[in-house]
Amino acid sequence: MLRLITALFMLVTPLAAEEIVLGLSRDEVAITATFNGSDVMIFGAVRREAPVPEGGPLEVIITLSGPMETVLVRRKERVLGIWANTDAVEVDEAPSFYAVATSAPMRETLSAVEDLRYGITIPRVIRSVGAPDTVINAKTFTEALIRIRAAAGLYQILDSEVDIEKETLFRGQITLPAALTEGDYIAHIYITRDGQVVDDYETTIAVYKAGLERWLFEMSRNNPFWYGIMSLAIAISAGWLASAAFRIFQR
Amino acid sequence: MQIYLPIAEVSVNAFLLLGLGGIVGILSGMFGVGGGFLMTPLLFFIGIPPAVAVATEAVQIVASSFSGVLAHLRRKSVDLRMGTVLLIGGLVGAAVGVILFNYLKSLGQVDLLVKLCYVVFLGIIGGLMFIESWRAIRRSKKPGSVPVRRKHGLVHALPLKMKFRVSGLYISVIPPLVIGLCVGILAAIMGVGGGFIMVPAMIYLLGMPTKVVIGTSLFQIIFVTAFTTMLHATTNFTVDIVLAVLLLVGGVIGAQIGTRIGVKMKAEQLRILLALMVLVVCGKLALDLLLMPSELYSLGVGGGH
């Protein structure tokens, strides 16, 4: 009996004292012709076997990341009086979309060490192995990437926008912009105390083109020749229709 | 109403696109140009990626030129033989243009090249047209003076002569081939039909009669831009059919309104207005190149090398 209890105890201890139970308002986003952005509500609860531990308050971080892609960042310089692209740095991995929402200012929610370990804030998510030696100030290229994407609403920092109730229920909302690339979006939820991650949970939201959008996109990739022919057929018939309508109009 | 464009991967207002198509259609109906030189910069401006704007604009030009050439065929104002010669040059030019376009895209200089082409050609054409129409207006105020007849130049000294009956010309095929080639390259790079270069070139360089110029230019533009569309569709996958359809509908309706307005105006007045419009677009693009941009960095797709 004692052995059984010990075994059970052994089973339980590796688990965190506090655990995330998650819900999503939607686990897929369909991009249709009239797609104009979408809100994703991420909510959940913290399950605990024991009373609320001592120490700092419970904080929650929610991140939503689009598919990773390689981005080429170019810098303009004045050449012969004209502003032209000169230096370029390839950023190996940058999410096409990234939102990070917290329940308190990021400084108070997460320690720098834990950020480095889990890769939570935007600069930690972006990976740039190295710029060519010829480029000076390579770091400014990554900063520019973040700046441009933030201005386009693709990188969002939502400080103190996650609501927590009674250290148990939490709720956050992330708005996906209209200009969205498709792929698997990963929602990652962390609960922290005193800047240390207590538990984390990961789930996927599928973002995909649907209906006509899907059909046209796939056709343009899989049957580019016929896609081109179709475009031309539409153009020619529209041109013919216009001419015919014009003749009727003139009579 | 927002519409998500499947290839451009941006969401735009459908009425804005219909309106843009309509306005450019009105202008093209008034002045007899394809309107690509106006539409492509406008598409850049509303946030369509340049590569998609250039490729998609070619589809719209096919539609408007086809519509136009049908009207000209009925009036028998198309020189099919001259059109075919220009076309041969044009197809080779378009292929060269797309290769050049892709090469420059890999270097990250494609935006610059497209903009430079616009500034240079719009500047030259706009400037020449402005001077020419200004003189025409002044001449019309002084009755009695007759425009000076142009002399036969270099065009008539070259070998490989051919008879172009509709145009009433007996000239070498080399100049039309070269003109076709140059316009083909520009069409592929700039996303325009090249009518605004082709028309003056046919009148002033080849000495073709004005009444067959527009129809013949439209005839060869259909094939060159159709070819450009196919090349962009199969190599770059950048033709956005949803965008093309929205522009087409607006353009076709606008062209009818434009033709009606155009009929009520004097030819010199129309030309000087077109020249001013061309110069304004040119000036705007030139300023973008010369003034320091507010964002020095730009993003592109990586992993290509």
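Values as computed for the structure displayed
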{"item": "Residue satisfying condition, being assigned to a helix (DSSP H, G or I), away from every other protein chain (no Cβ under 12 Å) and of a type in the set (A, V, I, L, M, F, W, C), within set B:ILE131, B:ILE61", "result": "B:ILE131"}
{"item": "Filter result for A:THR181 (farther than 30 Å from B:VAL249 by Cβ and either of a type outside the set (Gly, Ala, Ser) or not assigned by TED's automatic domain parsing to the domain that holds A:ARG26 (or both))", "result": "no"}
{"item": "Hits in segment A:186-230 - residues which are within 23 Å of A:SER65 (Cα to Cα), among the hydroxyl-bearing types (Ser, Thr, Tyr) and surrounded by 19 or more Cβ atoms within 10 Å (Cβ to Cβ)", "result": "A:TYR190, A:THR192"}
{"item": "Whichever residue in segment A:180-230 is facing chain B (nearest Cβ under 8 Å) and among the β-branched types (Val, Ile, Thr) and, among such residues, is farthest from the chain's Cα centre (by Cα)", "result": "A:ILE229"}
{"item": "Selection within segment A:131-159 - among the hydrophobic types (A, V, I, L, M, F, W, C) and modelled with pLDDT of 85 or more", "result": "A:ALA144, A:LEU145, A:ILE146, A:ILE148, A:ALA150, A:ALA151, A:LEU154, A:ILE157, A:LEU158"}
{"item": "Residue ID - surrounded by the most Cβ atoms within 10 Å (Cβ to Cβ), chosen from residues in segment B:23-32 that are in contact with a Leu (Cβ under 7 Å, 6 or more places away or on another chain) and not aromatic (Phe, Trp, Tyr)", "result": "B:VAL24"}
{"item": "Some residue of segment B:290-298 being of a type outside the set (Val, Ile, Thr) and either more than 14 Å from chain A (Cβ to nearest Cβ) or in a helix (DSSP H, G or I) (or both)", "result": "yes"}
{"item": "Residues satisfying the stated conditions in segment B:158-207, i.e. assigned to a loop (DSSP other than H, G, I, E, B) and either closer than 19 Å to B:GLY123 by Cα or free of Cβ contacts under 8 Å to residues at least 12 places away in the same chain (or both)", "result": "B:GLY191, B:VAL192, B:GLY193, B:GLY194"}
{"item": "Criterion violated by B:GLY123 - all others in (1) modelled with pLDDT under 80; (2) surrounded by 15 or more Cβ atoms within 10 Å (Cβ to Cβ) satisfied", "result": "(1)"}
{"item": "Checklist (1) at pLDDT below 85; (2) away from chain B (no Cβ under 14 Å) applied to A:GLN173, failing item", "result": "(1)"}
{"item": "Selected residue (only one of B:THR234, B:THR238, B:THR216 is among the hydroxyl-bearing types (Ser, Thr, Tyr), closer than 21 Å to B:LEU70 by Cβ and either touching a helix residue (DSSP H, G or I) at 6+ places or on another chain (Cβ under 7 Å) or outside any helix (DSSP H, G or I) (or both))", "result": "B:THR216"}
{"item": "Residue in segment B:216-232 that is surrounded by fewer than 24 Cβ atoms within 10 Å (Cβ to Cβ) and among the hydroxyl-bearing types (Ser, Thr, Tyr) present", "result": "no"}
{"item": "Residue check, A:SER128 among the polar types (S, T, N, Q), at pLDDT below 85, assigned by TED's automatic domain parsing to the domain that holds A:ASP87 and surrounded by fewer than 17 Cβ atoms within 10 Å (Cβ to Cβ)", "result": "no"}
{"item": "Criterion violated by B:ILE214 - all others in (1) in contact (Cβ under 8 Å) with a residue 24 or more places away in the chain; (2) more than 22 Å from B:LEU122 (Cβ to Cβ) satisfied", "result": "(2)"}
{"item": "Strands (runs of 3 or more DSSP E) lying entirely in segment A:47-143 (those with 3 or more residues that are within 14 Å of chain B (Cβ to nearest Cβ))", "result": "A:68-79, A:82-95"}
{"item": "Count of segment B:233-245 residues which are surrounded by 24 or more Cβ atoms within 10 Å (Cβ to Cβ) and more than 8 Å from chain A (Cβ to nearest Cβ)", "result": "2"}
{"item": "Residue under evaluation B:GLY47, criteria (1) over 19 Å from A:ALA238 (Cβ atoms); (2) assigned to a helix (DSSP H, G or I), criterion not met", "result": "(2)"}
{"item": "Only one of B:MET292, B:MET277 that is out of contact with any Cys (no Cβ under 7 Å at 6 or more places or on another chain) and free of Cβ contacts under 8 Å to residues at least 24 places away in the same chain", "result": "B:MET292"}
{"item": "Meets criteria (at pLDDT below 75, within 24 Å of B:VAL69 (Cα to Cα), within 14 Å of another protein chain (Cβ to nearest Cβ) and surrounded by 12 or more Cβ atoms within 10 Å (Cβ to Cβ)) for B:GLY193", "result": "yes"}
{"item": "Qualifying residue in segment B:86-105 (condition: surrounded by 24 or more Cβ atoms within 10 Å (Cβ to Cβ), closer than 29 Å to B:LEU291 by Cα and either more than 14 Å from chain A (Cβ to nearest Cβ) or polar (S, T, N, Q) (or both))", "result": "yes"}
{"item": "Selection count where residues are more than 20 Å from B:PRO41 (Cβ to Cβ) and in contact with a Gly (Cβ under 9 Å, 6 or more places away or on another chain), scope segment B:227-257", "result": "10"}
{"item": "Scope segment A:231-244; condition within 8 Å of another protein chain (Cβ to nearest Cβ) and either loosely packed, with under 12 Cβ neighbours inside 10 Å or of a type outside the set (Val, Ile, Thr) (or both); matching residues", "result": "A:SER231, A:LEU232, A:ALA235, A:ALA238, A:GLY239, A:TRP240, A:LEU241, A:ALA242, A:SER243"}
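Okay, residues lined up against (1) in contact with a strand residue (DSSP E or B) (Cβ under 9 Å, 6 or more places away or on another chain); (2) of a type in the set (S, T, N, Q); (3) at pLDDT below 85:
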| position | (1), (2), (3) |
| --- | --- |
| B:MET208 | yes, no, yes |
| B:THR225 | no, yes, yes |
| B:ALA233 | no, no, no |
| B:ASP240 | yes, no, no |
| B:GLN256 | no, yes, yes |
| B:LEU279 | no, no, no |
| B:LYS284 | no, no, yes |
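The values are calculated or read from the model by the stated rules, or taken from the named source; none is laboratory data. Since the structure is predicted, the reported quantities are computational estimates derived from the model, not experimental observations. Neighbour counts run over all protein chains shown; Cβ positions are idealised from the backbone, glycine included.
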